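The numbers here are math on the coordinates, done by the rules we state, and not lab data. Small disclaimer: the values here were computed from a predicted structure and weren't measured. Here Cβ is always computed from backbone atoms with ideal geometry, including for glycine, and neighbour counts include all displayed protein chains.
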Amino acid sequence: MCIVSINVDEATLRDMRPDLDSTAAIRLWVQQQIDLRIQQMEFEDTETMSIEEARAMVHAAIHEEYAKL
């Protein structure tokens, strides 16, 4: 396991998702998003991707989640 840091615009996120009303709630939500994406990747039968491709996919998944609100 590893620890990564990301920057999140808390005000924008909370405007879109009022339930994310604390840093702990945001941390949990982001962890769930990452875990979900990793599970999806495990089930996909694709060639190995670079870390930059994986990073782009994570950002896209988070962006898609924001767009739903």
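Evaluated with a Cβ-only charge set (Lys, Arg +1; Asp, Glu -1), the chain carries a dipole of roughly 280 debye about its Cα centre, given to the nearest 20. Net charge in the neighbourhood of ASP15 (other residues with Cβ under 15 Å of its Cβ; Lys, Arg +1, Asp, Glu -1) is -2.
To the nearest ten degrees, helix 51-67 and the longest principal axis of the Cα atoms of the chain are 40 degrees apart.
Assuming 0.36 nm per residue, please report the length gained on full extension of the stretch ALA24 to ILE6 beyond their Cα-Cα distance.
Values: separation 18, 0.36 × 18 = 6.48 nm, distance 1.40 nm.
Extra length available between ALA24 and ILE6 comes to 5.1 nm.
The Cα-based radius of gyration and maximum Cα-Cα distance (Dmax) for the chain are 13.1, 38 Å. Summarising the label geometry, the points placed 7 Å from Cα in the beta-carbon direction at ILE38 and ILE51 lie 1.5 nm from one another. Against the main long axis of the alpha-carbon atoms of the chain, helix 23-43 sits at an angle near 20°. A dipole drawn for the chain from +1 and -1 charges on Cβ atoms has a positive end, and of VAL8, ILE34, MET49 the residue lying farthest that way is VAL8.
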